[in-house]
Structure formats: structure tokens, C-alpha cells
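Report on one structure; see the data block that follows.
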Amino acid sequence: MKILFTLTIVVSAVATLHADWNQFRGPAGRGVADDAASLPVDIGPDSPHLAWKSPVPKGHSTPVVHGDRIFMTGLAEKSLRTFAVNRLDGKIIWSAEAPYEKLESVHRIGSHATPSVATDGEVVISMFGSSGLFCYDVDGKQLWHRQMGPFNNNFGAASSPLLIDDRIVMVQDHDTGSFLAVYDKNSGNEVWKAERPNSRRNYSTPCIWAVDGQRQIVVAGSAHVVAYDFETGDAIWTVRGVSRVVNTTPVVGEDNRLYVACTGGQESEQPVFADLLKTSDANGNVLLEPDELPKSPIKSFFSQFDRDANGTLDETEYNSIRDIFSLSETVAMAIRPGGTGDITDSHVDWKQSQSIPRNASPLYYKGVVFLIADGGIATSLDVQTGEIIHRGRLSNTGKYYSSPAVGDGKLYIIGERGHLTVVSAHGEWEQLAESSFGEDVYASPAISHSCIFVRTVSHLYCFSLKQ
């Protein structure tokens, strides 16, 4: 363990709020701890602040904390599991199996247990692409199951469910059949479903945005950000110009603006269908086939764009994906609340295109937006202008799949190979400490009940100043 900066930590005698971390990225999906607890800066396998370390089934889902229980998903000997861990000692309390007919394909660094659970202290909602949506009580009794997968996506399912009041919000963007839906938490019955026909594979979890007393479900994917009415599923507004494939989750700041940051997939203008037919339609059937196409992004991802899987692209299929390529941007942006329809030109306050993350979601904290890009590039942005306040390279220069979390003024950042960096959570940030867990990390850290929880591919760690 290497300490790079000395902090004087004063443990307050005032009782903390002990807020729960009830979904992916915690309260409201912001990645920010709500309680006022002091947290250790020097965490890692050899930290004096290690409360416990426990083996857990392999998976990428984030630890979700409610009261004295931590809920996660995992894969144990080809068995999909939702399980609960005792927050006080790390021991598994219960484990429930999710049956499936066949495990779908996932990315080489992926997991069949990627979506994080959501809980309100009454039920636990877990999602497996191979098996669908499950609801358990907090003691592990299955209440209902809704079949969904497998989906048409050889990288698997990754978007996490949200639990808002008595409603479950779920988006699934795949090569075909993309949708956003809301389900009743007590029965699993569908409340409404909005088809997303022009969306291909994306892995972003939606966020909830309250605007003028109306809750909106915001979904980023396939070169667009779209907001849907929470009650009806009707589309409210659209912003054009985000990445072709979106892995990150939007975040609502304390200023009630929406912040989006994403890069993924090629960004290029493709020829119009009629022109391509003139040069490539060798058999004259007014369709495009893989062996007829010149080397191009569309040829490379042909199977993703062949919506009816018949081995050809007609003009409708071709144009829908051409539009996505044409509109795709690597970007961070701030979106002002209000407006209906296409608000790209009216409500986007600023854009930034430097050092944009591919997988780690943006984080808003006290007037600063933090971005963590592959290569270990950490950037802080002024929320008013989008201008870079400070940009620097972390000690770990690898890839980042885990999204950062902040508590007690400290930003905890974990790279793919398990290298953790702690920086001060202000515009002119400084690196405070670093350590290595010696295992890959894809799950995002959780901060709750004066503790930091870090999940590696096979272990769960708990760190606290109070032991």
C-alpha cells in the first residue's frame, strides 16, 4: 500500500445518517454517498481499515446495501444466483438460484451476472439476461419471475433495474426487440412498454429526472438520449449526438441538469443506400449482402443491423443504422430541464469532447463533473461551462469498467486489473492514495453505513474507520 498524500481524518462524534446504497451507483444512481461518515483513504487488501473479506460467487454486479444486508448476483458452477451477505461480517445469509434454459453469449470480459439488483428493504429485484427478472423478499423467498431472455446480443445483458416506489424500470437495448418497460413490483405485471425500434445494443442503466413535478425516465443509447414519461411511457424529448453504443449511465446533478458522457463505436458518415446499390448490388436484387459490401463499419457489424436475420439489408434496415453512425459523437454534455420534442439545439448547454469515458459513468459532486477514461485519464469539468478544470493521468493506466464513487470528499476509482486510486473530490483534484487488490474488478464500489464495499471478481471487501 502506498500513501501519496497525508490526510488528517477527524472522526465526528455526531451520528451519521447511515444511508443505504439501494441500486446501481447508489441513491438516485449518482455514485455519491448520502451520509456524512468519515471514510478511510488507505484501502486495499493490506489496509488496517479492512473490516472483513469474504469469497463470493463470480460476477460484475455492484454491491447493493440495505440495513444490515448486502445484495448481489453471481455465477457459481453455472448456477445463476442472487444472494445476500451480512453487512457486519461478510457471511452469505441466503442464495437463490435463477433457472435458465441456456446461458447466452457474453463478451470475453463480461459476466452473466452483470446487472446490479435493486431493493427497497421489502423486495430484491434481480435481472439475468439468460433467465429474466426475479423478485425476492429480503429473506430470499421468490415472489415472482418474469421470463425475458435470452436476447439477440452476443455481448449479453448489462443494464440494471431501478425500483421506484412500487414500480420497476427496465431498459433492454439489443440488436432486435429493444424496449423500455415498467412493471409492478408486487406482481411483476407489465404497467407499460415502450418499443425502441431504432436502438441497437446498449448497456446503459436509465436514470430518473424530476422536471416540473413530472418524473422522466432518461435512456441514453444509439446516438440519442430520450426521456419518457414515468407514468405512461410516452417519449417527451430527444437529444441527438451521443455515442453509437452507450455503456455509461446519465446522472442528474444538484443543479437539476442532466449530465451525459459516453464514447463507443465508430463515428462515420456512410454512403446513401441508392449510391451503394450502384456499386455493390452485384446480383441486382436491390438488397445488400455481406459479401457485396466494401470494407466498412456496416460490413463489420452486419449481423447487428440485419433486423430480420435474413442475411440481407433492405433500405429501411440500412438507413436506420446509417443514421446512428451519422449522428454518433464522443461527447460529454449538460442538458437543461424542460422542453419537448427534439431539444438538441435548444437545451444542450455545453459539450466537451476530450478524455471521454467508455464505461465509467460520469459523477457530479459539488459543482464539478468527474470523468474517468481508459488509460487512467481523470478529468474534472466546470458544470457551468464544460471547460476542463484539471486533467491528469492516474497511476493506473489501464481500462476502467467500474464507475467511481465519492464519499467524505474522496473519489474512489478502480481499474480493470484491481488497481485502486483515491483522489480528492474537488476541481483541482489531487491523488491521495493507491493500492492493488490483485484481482480484476468490474463492479462499482458502494459506500454505505460508514463503510466502503469493493467487489473483485471473486471477493467482497468491507473497509471502515469504525471497527
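Just so you know, all these numbers are worked out from the coordinates, no wet-lab data involved. This is a predicted model, so every value here is computed, not measured. Note that we place each Cβ from the backbone using ideal geometry, even for glycine, and neighbour counts take in every protein chain shown.
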Label points 7 Å out from Cα along the Cβ direction at Gln384 and Ser303: separation in nm?
5.1
Rounded to whole Hz and in sequence order, give me ³J(HN,Hα) for the range 306-311 from the Karplus expression 6.51 cos²θ - 1.76 cosθ + 1.60, θ = phi - 60°, writing x for Gly and Pro.
7, 4, 9, 6, 9, x
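Could you pull out the pairs from Lys91/Lys399; Lys193/Lys366; Lys91/Lys466; Lys185/Lys410; Lys78/Lys193; Lys193/Lys410 whose alpha carbons sit more than 28 Å apart here? Working shown, then result.
On the way: Lys91/Lys399 31 Å; Lys193/Lys366 36 Å; Lys91/Lys466 19 Å; Lys185/Lys410 35 Å; Lys78/Lys193 31 Å; Lys193/Lys410 39 Å.
Result: Lys91/Lys399; Lys193/Lys366; Lys185/Lys410; Lys78/Lys193; Lys193/Lys410 exceed 28 Å.
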In whole Hz, what ³J(HN,Hα) sequence does the range 155-162 give by Karplus (6.51, -1.76, 1.60; θ = phi - 60°), x for Gly and Pro?
9, x, 9, 9, 5, 9, x, 10
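Using R₀ = 35 Å, calculate the FRET efficiency as 1/(1 + (r/R₀)^6) where r is the Cβ-Cβ separation of Glu428 and Ala210; round to 0.05.
Numbers: r = 31 Å, r/R0 = 0.90.
The calculated FRET efficiency here is 0.65.
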Express as a percent, rounded to the nearest 5, the fraction of DSSP beta bridges in the chain (both residues included) that run antiparallel.
95
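Give the order of Arg81, Arg393 when sorted by the count of other beta carbons within 10 angstrom, beginning with the fewest.
Working: Arg81 22, Arg393 13.
Ordered from fewest to most neighbouring Cβ atoms within 10 Å, Arg81, Arg393 come out as Arg393, Arg81.
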Cα to Cα, under 18 Å, and not fewer than 8 places away if on the same chain: which lysines meet these conditions relative to Lys295?
Lys278
Between Lys91 and Ser187, the two model label points (7 Å from Cα along the beta-carbon direction) sit apart by a distance in nm of 4.0
Taking r as the C-beta separation of Ser79 and Glu122 and R0 as 35 Å, the FRET efficiency to the nearest 0.05 is 0.85
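Can you tell me, using C-alpha contacts under 8 Å and at least 6 residues apart, the relative contact order of the range 273-323 as a whole percent? Please report the intermediate quantities before stating the final value.
Details: 42 pairs, mean separation 16.8, N = 51.
Relative contact order of the range 273-323: 33 percent.
Kindly state, to the nearest 0.05, the FRET efficiency for Asn283 paired with Trp350, given R0 = 41 Å and r defined as their beta-carbon distance.
Numbers: r = 49 Å, r/R0 = 1.19.
In this case the efficiency is close to 0.25.
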For a quick check: sort Trp209, Trp429 by the number of other beta carbons within 10 angstrom, fewest at the front.
Trp429, Trp209
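Please give the peptides 419-425, 301-307 ranked by average Cβ packing (other Cβ atoms within 10 Å per residue), highest first, as a rough proxy for protection.
On the way: 419-425: 22.7, 301-307: 18.1.
Highest-to-lowest ranking by the protection proxy: 419-425, 301-307.
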List the residues, sorted by chain then number, that are 5 or more residues from Asn152 or on another chain and whose placed amide H is less than 5 Å from its amide H.
Asp175, Thr176
For the range 177-185, take each phi angle, set θ = phi - 60°, evaluate the Karplus expression 6.51 cos²θ - 1.76 cosθ + 1.60, and give the result in whole Hz per residue in order, putting x for glycine and proline.
x, 5, 7, 10, 9, 10, 10, 6, 5
Run the reach check for Lys351 against aspartates and glutamates, Cα to Cα strictly under 15 Å, same-chain hits fewer than 8 apart removed. What comes back?
Glu329, Asp382, Glu387
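Quote to one decimal, in nm, the extra length available between Thr176 and Glu269 on full extension: 0.36 nm per residue of separation minus the C-alpha distance between them. Spell out each step's value before the answer.
On the way: separation 93, 0.36 × 93 = 33.48 nm, distance 2.27 nm.
Length gained, Thr176 through Glu269: 31.2 nm.
With a ≥ b ≥ c taken as the square roots of the eigenvalues of the C-alpha gyration tensor of the range 379-450, please select rounded if a/c is under 1.5 and otherwise prolate if a/b is larger than b/c or oblate if it is not?
It comes out prolate by the Cα gyration axes.
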If neighbour count is taken as other Cβ atoms inside 10 Å, put Arg200, Arg240, Arg322 in order from fewest to most.
Arg240, Arg322, Arg200
Using only Cα atoms, tell me the angle between helix 315-327 and the longest principal axis of the chain; keep it within 0 to 90° and round to the nearest 10.
50
Cβ crowding within 10 Å averaged over residues, with 410-417, 41-48, 456-463, 242-249 ranked highest first
242-249, 410-417, 456-463, 41-48
Residues whose built amide H sits under 5 Å from the amide H of Glu329, excluding neighbours closer than 5 in sequence, are Val242, Ser243, Arg244
